Structure formats: C-alpha cells, structure tokens
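One structure is given below, encoded as structure tokens.
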Amino acid sequence: MIFLERDGSCINTQPNNPYYKKVFQFKELWESGQETFEIKTSGSTGTPKKILLHRKQILASVKMTAKAFNLEEGDTAFCCLNIDYIAGMMMLVRAFEIGMDLLVVEPKSNPFEDIEKHLYILKSNRGQNFFAFVPLQIQTLLESKPIFSEILNSAKAIIIGGAAVNDAILEKVQTIYRPVYVTYGMTETITHIATKRINGSEKEDFFNTLDGVDVKLNDESCLMIKSKTTDNEWITTNDVAEIINGSSFVLHGRIDNVINSGGVKIQLEKVEKAAEGILKKLSTDEQKLSGRNFVFSLPDEKLGERLIFVLEKEVNHVFPSKDDATKIDILQGFKEILPKFEVPKEVFFVEKMIETPTGKIDKIKTINAYVLPQISNG
C-alpha cells in the first residue's frame, strides 16, 4: 500500500514492491511536465493497441471529472485499478492535479483485503473519498465483511467501469447510501465521458454526458463522441446507442457483439441479460449460480455460428451428473423466455475466467483454454 499525502509525506508498506515503484516512476514523469504518454487499450473487445495521449487531453479529462463529482483539494483518491491502463493512470493524475491525497493498492478482486488495518485512513476521511472499481471488485466488497461496506459508505462518490454491471450488483449497491455511478468511456476518450447513477432516490435511466462532451450517431446507430479529451475530433465507437436528448443516451449493445446464426442476427447482450434472471431463479443455498458469465459463438457447419453460454462455476468432479442437470435447467430457462433462435445450443462451466490485465473477462482466451477442450473431450 502507498498513502501519498498532498503535502508530500508518504506511507509505503512495501518499498521494494515493483508495482509501487511504477507509481512513483509515473509521478516523476508527470511532474516533469512530459507532454505525451503512451497507453495500452485493455484488449477486451479486440487486439490491444497503444495510443498516444497528449497532456492537454489528460488535463481536460481531470477537469471534467472534478466538476462532475465535486472533487477538490483534501479529498482522497483510492486507486485499485491497474496503472498501466487508462483508468488506473487517471486516478493518479486526478490526485496529483486536484491536490487529493492518494491511496494505492495493487489490483485484485478484493482491494480492501490486504489493507484492513489501514482502513482508518479512509474511515477518518468520511464523505471525501473517491473510489473507482471494476464490477468484480465492488461485488466482492459488498459480499464480504460489513466493515468494507462501511468504508464504501464513506465515499464522496463511487464509480464503476470497465464492464457491464449485472442485476446482482445493482441490487447490492442499494445498501450504499453514498452516490454510485456506472461510467461510459474508453482509452480513446481518456476514461469516462458519461455517467449514470444506479442507487438511491436519484438513480437514472440514461447515461448523461459530462460538460463539454458532444454525442451523435452514425448511419449504423453507433455512438460518436467529441470533446477536449478527444482533441475535439469525432471518435466512432462500436456501441449501438439511442440518444434521448442532446446529452443523454441509452446503450443497446456492441455492433460487433452480433452473431449470425442460421441467417438470424442475435445481439449477445440481450441473451446475457436474460441469463441473469435465469441464474437467480435457479440459485439455491446449496448451489449458487452467481458467477461471471458470457454468451459467445463457435463455428458451426450448418448454422455458420452457434450460440453458447459460459458460466464461472465450481465444477462438480465427484458428481458430474449434477452439473449436467444444471446445464439442462439453464437451457430450459432460456427456452422459456427467448425466441428459439436466441437460445444457446450448449452450456459450459469453467472454474475460473481468464482476465485481461484490467480485470475484464478475456472471452477468446477463456474459450480456447477451457471450453474447446470440453468439446474435444466430449
């Protein structure tokens, strides 16, 4: 853990830790006035690539975020996201530029776990903590010790990004009375350009853009974005959206998350949304079906592509027939609520999803490592 106060004093519990050394290296580069920074995309939706960002764009993003969440000198930024990628890097820059104290931990599913005796730092700063998580982290914290939920309730604001937020998380965050937002953005826009509150009486149905952000749709209804963070150039995304007014929008899914199975186009997000209700209905005290999951396609001689459903679940090696019965129940659940052509053809259980460095599911690697061997062994 690093706790770096705005006056320069520092607590470093692991001075030889390579990750924490990188934090200080980046701090030196930023404070030297370096004008450009090369950052990698996460690779969750395509081949990872490197993008060159200019200092003025990064500073524009800091100002937009500070205004949106009323961040100010003396607040504390909690960074548990990988600083090699844009979301983690920006937590550092916000702290440096706004004059916030900064608490950094290595990225993991439970970011409070290893610093429990240091949580007094956050607890004593109630109402002035700014947290940023990926969905897995917030879900893990809310399902863990009550003290962790208490710390979450010390927030000025909590933002969640990097992946879709499922119904289980939406239900659990209602226990947090401090504002919780899901964010929309990407490396090219230097993190979020829009937010949507998901808890409390002020929760929202739409994403609302930050000040200075313009949005429109292209001919395929994909969202286009322009702001100072994009150097005032239009960026075209792969996200199919509907603009409610000039500054609000709804996401319908990624245009590259459509498969053609037997001549029928299927939006994968629709099937994944249906899966949430099915898993909740089938879960029991004996068997929890709340693991991460996704819908994907495999090549098929007849259909071109066939739909499959992959669920993170402990595999029952002793009684595999129980897993087979659960798979049948899940498929039946799909059949009861979806048109025939949108029902997955197969269900696969994997004990652990492979993740990208930013904590997102790496679908291709998970398929190759854990699903394809089940087919070849079947």
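Taking Gln137, Gln174, Gln128 in turn, the Gaussian network model of the chain (Cα-Cα springs below 10 Å) assigns the largest fluctuation to Gln174.
Specify whether the C-alpha gyration tensor of region 1-95 places it in the rounded, prolate or oblate class, a ≥ b ≥ c being the square roots of the eigenvalues: rounded for a/c under 1.5, otherwise prolate if a/b is larger than b/c and oblate if not. The shape class here is oblate.
Counting only heavy atoms of the protein chains and using a 1.4 Å probe, Lys40 has close to 80 Å² of accessible surface. For a paramagnetic label modelled on Asn12 (point 7 Å from Cα along Cα→Cβ), amide N atoms under 20 Å away belong, within region 117-150, to 118. What fraction, in whole percent, of alpha-carbon pairs in the chain exceed 26 Å separation? Value for the chain: 55 percent of Cα pairs lie more than 26 Å apart.
Near Glu355, the amide H atoms lying under 5 Å from its own belong to Asp362; only residues 5 or more places off or on other chains count, and H is placed 1.01 Å from N.
Using θ = phi - 60° in the Karplus curve 6.51 cos²θ - 1.76 cosθ + 1.60, the 3J(HN,Hα) couplings for region 309-324 round to 10, 10, 10, 7, 7, 5, 7, 8, 6, 6, 10, x, 5, 5, 5, 4 Hz; x is entered for Gly and Pro.
Please list Arg94, Arg178, Arg6, Arg197 from largest to smallest accessible area, probe radius 1.4 Å, with all protein chains kept in place.
Order by accessible area, largest first: Arg6, Arg178, Arg197, Arg94.
Take the Cα of Leu282, step 7 Å toward its Cβ, do the same at Glu233, and the gap between the two points is 4.7 nm. With a cap of 14 neighbouring Cβ atoms within 10 Å, and only residues DSSP puts in a loop, list the GluC sites (Glu not before Pro) found in region 193-285. Sites meeting the loop and neighbour criteria: Glu202, Glu204, Glu220, Glu233. Which of rounded, prolate or oblate describes region 75-139 when judged by the alpha-carbon gyration tensor and an a/c cut-off of 1.5? Judged from the Cα gyration tensor, region 75-139 comes out oblate (a/c at least 1.5, b/c at or above a/b). From helices alone, the chain scores -8500 deg cm²/dmol at 222 nm; the rule is -39500 (n - 2.57) for each run of n ≥ 4 DSSP H residues, then divide by the residue total.
Report, by chain and number, residues whose modeled amide H sits under 5 Å from the one on Ser283, excluding near sequence neighbours (fewer than 5 apart, same chain). It is Leu289, by chain and number.
Annotation: amide H-H contacts under 5 Å for Val350 (H modelled 1.01 Å from N, sequence separation of 5 or more, or interchain): Leu311, Glu312, Lys313.
Put Tyr85, Tyr370 in order of accessible area, highest first, and with a 1.4 Å probe you get Tyr370, Tyr85.
Here the accessible area is traced with a 1.4 Å probe on the protein chains. For region 197-346, carbon and sulfur cover 49 percent of it. Sites listed here are chymotrypsin sites (Phe, Trp or Tyr not before Pro) in region 120-180 whose DSSP assignment is loop and whose Cβ has at most 10 other Cβ atoms within 10 Å, and the list is empty.
Derived scalar couplings between HN and Hα for region 185-200 equal x, 7, 4, 5, 9, 6, 6, 5, 10, 8, 9, 9, 6, 10, 9, x Hz in order, rounded to whole Hz, by the Karplus curve 6.51 cos²θ - 1.76 cosθ + 1.60 (θ = phi - 60°), x for Gly and Pro.
I need the shape label for region 272-334. Rule: rounded when a/c is under 1.5, else prolate if a/b > b/c, else oblate, with a, b, c from the alpha carbon gyration tensor.
Values: a/c = 2.18, a/b = 1.53, b/c = 1.43.
It is prolate, given that a/c is not under 1.5 and a/b is the larger ratio.
Express in Å², to the nearest 10, the accessible area of Met353 obtained by rolling a 1.4 Å probe over the protein heavy atoms while all chains stay in place. Met353 exposes around 10 Å² with every protein chain in place.
Estimate the FRET efficiency between Ser321 and Met224 by the formula 1/(1 + (r/R0)^6), using the beta-carbon distance for r and 51 Å for R0, to the nearest 0.05.
Working: r = 51 Å, r/R0 = 1.00.
Step by step, r from the Cβ atoms, then E = 0.50.
Largest GNM mean-square fluctuation among Lys340, Lys365, Lys313, using the chain with Cα springs under 10 Å: Lys340. Note: relative contact order over the chain, using C-alpha pairs below 8 Å and six or more positions apart, is 11 percent. The 3J(HN,Hα) values that the Karplus relation (6.51, -1.76, 1.60; θ = phi - 60°) gives for region 29-38 are, in residue order, 4, 5, 6, 6, x, 3, 8, 10, 9, 8 Hz. Gly and Pro appear as x.
The values are calculated or read from the model by the stated rules, or taken from the named source; none is laboratory data. Just so you know, these numbers come straight off a predicted model, no measurement behind them. As a convention, Cβ positions derive from the backbone with ideal geometry for all residues, glycine included, and neighbour counts pool all protein chains shown. The accessibility values were calculated without ligands, DNA or RNA, using every heavy atom of the protein model including side chains. Shrake-Rupley method; radii C 1.70, N 1.55, O 1.52, S 1.80 Å.
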